[in-house]
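Shown next, in structure tokens, is the structure this report addresses.
The values are calculated or read from the model by the stated rules, or taken from the named source; none is laboratory data. Remember, it's a predicted structure, so these values are computed and weren't measured experimentally. Neighbour counts run over all protein chains shown; Cβ positions are idealised from the backbone, glycine included. Areas reflect the complete protein model, heavy atoms only, side chains present, ligands, DNA and RNA absent. Shrake-Rupley method; radii C 1.70, N 1.55, O 1.52, S 1.80 Å.
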Amino acid sequence: MRSVPLFRSAAVLLLGALVLTGCGDSDDSKDDKAQGTPTATGGSAGSGPDAKAFPATVDSGGAKVTIASAPKKIVSLAPSATEMLFAIGAGGQVTAVDDQSNFPASAPKTKLSGFKPNIEAITNYTPDLVIVSDDTDGLVASLTKLKIPVVLTPAAKTFDDSYAQLTTLGTATGHAKQAGEVAARMKTDIATIVAATPKPAKQLSYFHELDNTLYTSTSKTFIGQVYAQFGLKNIADDADKAGTGYPQLSAEYLVQANPDLVFLADTKCCGQNADVVAKRPGWDRVGAVRKGGVVALDDDIASRWGPRVVDLVRAVSEAVTKAGAAQG
């Protein structure tokens, strides 16, 4: 059973208050070994938390939360946060993650849901810290009433948001130094990849597909920030009349916009690829289809703001390099 693309759900129901998670029903066990980004594959245990760093006060979605001592039973209900926790060496403190947290494979995946949180189910794991990306149904207040500290890590809108959340989680878990190292490595890797990418002779346009009904993201979203690093023009910007950041395009609009590159973030959830796209009515006239500019992305990497965003940046770099070379 495939997951509903969560970008689309957010665009329709939350008008841009997006919780990016990707297709949680997919199995990424092979990807753990396949991905080369060192920040993405932090060990499950690490060096242990710095007990002297507590009590620690961190930002939680604009509020302040104090954590009395180093947490030993962390429940993460946010896939991006789960990836961050393991990357900074706090994996050994994580006792349960939600049903969408599928990376790394060693994460203790459960039936817990971040979309429809069940307080009783969460408390059954006796957590001393809960990480969430959205305060659904008053979850934060309910857990706080039970004296369980909660750290809210909302969907990132910029790279700086991602780095800030790494800092927050590092402080909250006793891994501030490791978190700083991961953030610094991400910044360096991204800057290096962008700097090494040849600039096309002519600006390239692109379409980022969230699902096969043509929901997409604009330049003002976190995903849009990734493409902006390479000077790409987002064809969806002019179509976002409501300003949600996640408009749905018509087939006619897309064909007329004629993007040079099409990035598919629905390969797992919706079975999309270059061959399938090429068979869509009218798409044979789209430059990306005609010139081999349709790029299949890993749904999860393309929908989370954790350390593996470096892999997304690398994929975009490769596509831009190829398309730029074709111009000449």
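Details
- The residues of region 256-272 that are under 16 Å from residue 284 (Cα atoms) and part of a loop (DSSP other than H, G, I, E, B), listed by number, are 258, 259, 260, 272.
- Test: residue 215 is touching a residue at least 40 places away in the same chain (Cβ under 8 Å), more than 19 Å from residue 306 (Cα to Cα), open to solvent by 10 Å² or more (accessible area, probe 1.4 Å) and in contact with a Lys or Arg (Cβ under 7 Å, 6 or more places away or on another chain): yes
- Within region 183-202, residues that are farther than 17 Å from residue 316 by Cβ sit with their Cβ atoms under 8 Å from residues that are in a helix (DSSP H, G or I) and not polar (S, T, N, Q), at 6+ positions apart or across chains, in these pairs: 183/163; 183/166; 185/38; 201/324.
- Residue in region 235-246 that is of a type in the set (Phe, Trp, Tyr) and either over 19 Å from residue 204 (Cα atoms) or not in a helix (DSSP H, G or I) (or both) present: yes
- So residue 260, is it more than 21 Å from residue 314 (Cβ to Cβ) and open to solvent by 20 Å² or more (accessible area, probe 1.4 Å): no
- The one condition from (1) at pLDDT 95 or above; (2) under 29 Å from residue 272 (Cβ atoms); (3) under 21 Å from the mean Cα position of the chain (by Cα); (4) open to solvent by 10 Å² or more (accessible area, probe 1.4 Å) that residue 185 does not meet is (2).
- In region 309-318, the residues that are closer than 18 Å to residue 210 by Cα and either open to solvent by 10 Å² or more (accessible area, probe 1.4 Å) or in a loop (DSSP other than H, G, I, E, B) (or both): 311, 315
- Residue count for region 281-310 under the criterion of being out of contact with any Ser or Thr (no Cβ under 7 Å at 6 or more places or on another chain), over 21 Å from residue 270 (Cα atoms) and either touching a residue at least 24 places away in the same chain (Cβ under 8 Å) or aliphatic (A, V, I, L, M) (or both): the result is 3.
- Odd one out for residue 251, checked against (1) in contact with a Phe, Trp or Tyr (Cβ under 7 Å, 6 or more places away or on another chain); (2) over 26 Å from residue 133 (Cβ atoms); (3) of a type in the set (A, V, I, L, M, F, W, C): (1)
- The criterion of at least 1 residues that are closer than 30 Å to residue 120 by Cβ is met, among helices (runs of 4 or more DSSP H) falling completely within region 133-224, by 139-145, 159-173.
- Residue match in region 271-286 (condition: at pLDDT 95 or above, more than 15 Å from the chain's Cα centre (by Cα) and crowded, with 24+ Cβ neighbours inside 10 Å): no
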